[in-house]
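Asker: Let me begin by handing over the structure; questions about it come next.
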Amino acid sequence: MCRHLGYIGPPVRVGDMLTLGSHSLVTQAWDPQDMRRGGVINADGFGVAWWHETADDTVAVSRYRNAAPIWTDPAVHEVLPHLESWAVLGAVRSATIGMPVERSACAPFTRGRWAFSHNGVVPDWRGTLSDVAVEFAGTAAELGAEGLFAPARLLEAEAATDTAALWVILCDLLATGSPDGTWSAAPAALRLLIAAILDRTPDARLNFLLSDGAQLWGSTCHHSLSALVTDTFAILSSEPFDDDPRWRSIPDRSLVSASPGELSVDPLL
């Protein structure tokens with residue numbers, strides 16, 4: 001499958017969040033400890049997103065992605081450490097058999113202020129996610145989302161992968177949550193999407209990681225996730241990257257919300 005990590009807190013060097021700790025995200029790419037039958041190595045690319053203020057004082061997301069293994073890319077040590085942000089989302093990829101190994105298939109996927117990663121797999125993803133889109137399109141008026149969720153919108157996905165298609169549907173769900181697409185839409189959107197998928201494919205593996213640069217949300221469904229939250233920062237990670245005793249393992253089938261000083265863990269369904 002994959003490994004991913006999200007951070008919110010005081011500004012840090014973007015590259016440092018990929019290499020931090022004795023079991024960093026870079027290390028997890030070649031030596032993961034808790035893949036849960038999801039593969040043995042994450043060498044099919046990586047990516048990182050970070051938030052920053054623009055010249056007109058708005059917040060934007062930038063990202064860097066590469067289809068090569070993370071440990072082979074000199075940018076991790078030579079470029080990304082020169083960038084700073086208060087929010088970072090990084091991921092290393094283990095491609096599901098039959099899905100392309102290419103830059104466009106690497107998380108994070110971004111739009112507006114949002115960044116998204118998926119650790120897992122949706123069996124028969126083309127059929128399953130088309131059916132999910134049809135279901136949501138049928139209730140679009142109830143959701144206040146006329147014009148969204150048309151199955152043809154899945155053709156807008158960046159890559160022919162389950163994660164890229166998931167992101168198209170999730171973006172539509174996020175857009176229905178409030179007129180300006182603010183973070184309050186995230187928990188409901190994640191619950192709706194996960195429930196619709198599991199109704200069709202109960203063996204889907206759906207560990208999601210989502211952020212708007214102010215908050216982190218995660219889900220656990222057949223894969224691992226841990227949280228490290230203090231008064232000043234919040235981290236969600238597939239695996240702890242060090243031996244800090246404050247790491248908390250998140251139970252399976254949970255929906256997580258994290259920000260500095262706050263961690264909420266609720267049943268997913």
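Asker: Helix 162-177 against the longest principal axis of the chain: what's the angle in degrees, Cα atoms only, rounded to the nearest 10?
Answerer: 70 degrees
Asker: If you rank Thr27, Thr19 by fewest surrounding Cβ atoms within 10 Å, what's the result? Please report the intermediate quantities before stating the final value.
Answerer: Working: Thr27 20, Thr19 17.
Fewest-to-most ranking of Thr27, Thr19: Thr19, Thr27.
Asker: Applying 1/(1 + (r/R0)^6) with R0 = 35 Å to the Cβ-Cβ distance of Thr72 and Trp247, what FRET efficiency is obtained, to the nearest 0.05?
Answerer: Numbers: r = 28 Å, r/R0 = 0.81.
The computed FRET efficiency comes out at 0.80.
Asker: Ok, one more. If you take the square roots of the eigenvalues of the alpha-carbon gyration tensor of the chain and sort them as a ≥ b ≥ c, do you get rounded (a/c under 1.5), prolate (a/b over b/c) or oblate?
Answerer: rounded
Asker: While we're looking at this one, here's another question. Just subtract the alpha-carbon distance of Arg191 and Val79 from 0.36 nm times their residue separation and send over the number in nm, one decimal. Don't jump to the answer; show the numbers that get you there.
Answerer: Working: separation 112, 0.36 × 112 = 40.32 nm, distance 3.68 nm.
Here the answer is 36.6 nm.
Asker: Sticking with this one: GNM on the chain, C-alpha springs below 10 Å: top fluctuator among Ala175, Ala186, Ala234?
Answerer: Ala175
Asker: Another question about this same structure. With a ≥ b ≥ c taken as the square roots of the eigenvalues of the C-alpha gyration tensor of the stretch 55-112, please select rounded if a/c is under 1.5 and otherwise prolate if a/b is larger than b/c or oblate if it is not? Write down the numbers at each step before the final one.
Answerer: Numbers: a/c = 2.89, a/b = 1.50, b/c = 1.92.
Oblate.
Asker: For the chain, what does -39500 (n - 2.57) per DSSP helix run (n ≥ 4), summed and divided by total residues, give at 222 nm, in deg cm²/dmol to the nearest 500?
Answerer: Values: 7 runs with 65 residues, N = 269.
The helix contribution divided over the chain gives -7000 deg cm²/dmol.
Asker: How tilted is helix 125-138 with respect to the longest principal axis of the chain? Cα atoms for both, answer in degrees (0 to 90, nearest 10).
Answerer: 60 degrees
Asker: Also, quick follow-up: Taking only the C-alpha atoms, wrap a convex hull around the stretch 1-125 and report its volume per residue in Å³ as a whole number.
Answerer: Values: hull volume 13.5 nm³, N = 125.
Hull volume normalised by residue count: 108 Å³.
Asker: With each pseudo-label sitting 7 Å past Cα toward Cβ, what's the Glu135-Glu262 distance in nm, one decimal?
Answerer: Between Glu135 and Glu262, the simple spin-label model gives 2.9 nm.
Asker: How much length would be gained if the chain were fully extended between Ile41 and Glu53, taking 0.36 nm per residue of separation minus their Cα-Cα distance, in nm to one decimal? Each step should come with its number before you reach the end.
Answerer: Values: separation 12, 0.36 × 12 = 4.32 nm, distance 3.51 nm.
Computed gain between Ile41 and Glu53 is 0.8 nm.
Asker: Neighbour counts of other C-beta atoms within 10 Å: give me Ile250, Ile197 arranged from fewest to most.
Answerer: Details: Ile250 20, Ile197 24.
Least crowded to most crowded, the residues run Ile250, Ile197.
Asker: What stretch of the chain, leaving out the sites themselves, is the longest with no trypsin sites (Lys or Arg not before Pro) in a DSSP loop having at most 16 other Cβ atoms within 10 Å?
Answerer: Numbers: sites that count: Arg36, Arg37, Arg246, Arg253.
So the longest stretch without any such site is 38-245.
Asker: Which listed residue (Ala189, Val76, Cys106) has the Cα farthest towards the positive end of the charge dipole for the stretch 2-267, taking +1 on Lys and Arg C-beta and -1 on Asp and Glu C-beta about the Cα centre?
Answerer: Cys106
Asker: Can you sort Trp50, Trp30 so the residue with the fewest Cβ neighbours within 10 Å comes first? Present the calculation step by step, with values, prior to reporting the outcome.
Answerer: On the way: Trp50 27, Trp30 14.
Arranged by neighbour count, lowest to highest, Trp50, Trp30 become Trp30, Trp50.
Asker: For the chain, find the longest principal axis of its Cα atoms and tell me its angle to the long axis of helix 186-200, 0 to 90°, nearest 10.
Answerer: So the inclination is approximately 60 degrees.
Asker: Right, here's the next one. Restricting to DSSP loop positions (anything but H, G, I, E, B) with no more than 12 other Cβ atoms inside 10 Å of their own Cβ, which GluC sites (Glu not before Pro) remain in the stretch 52-146?
Answerer: Values: sites: Glu53, Glu78, Glu84, Glu102, Glu135, Glu142, Glu146; in loops: Glu102, Glu146.
Counting only loop positions with at most 12 other Cβ atoms within 10 Å, the GluC sites (Glu not before Pro) in the stretch 52-146 are Glu146.
Any read-out appearing in this document is the output of simple, stated calculations on the displayed coordinates, not a laboratory observation. Predicted, not measured: the structure shown is a model, and the values here were computed from it. Neighbour counts run over all protein chains shown; Cβ positions are idealised from the backbone, glycine included.
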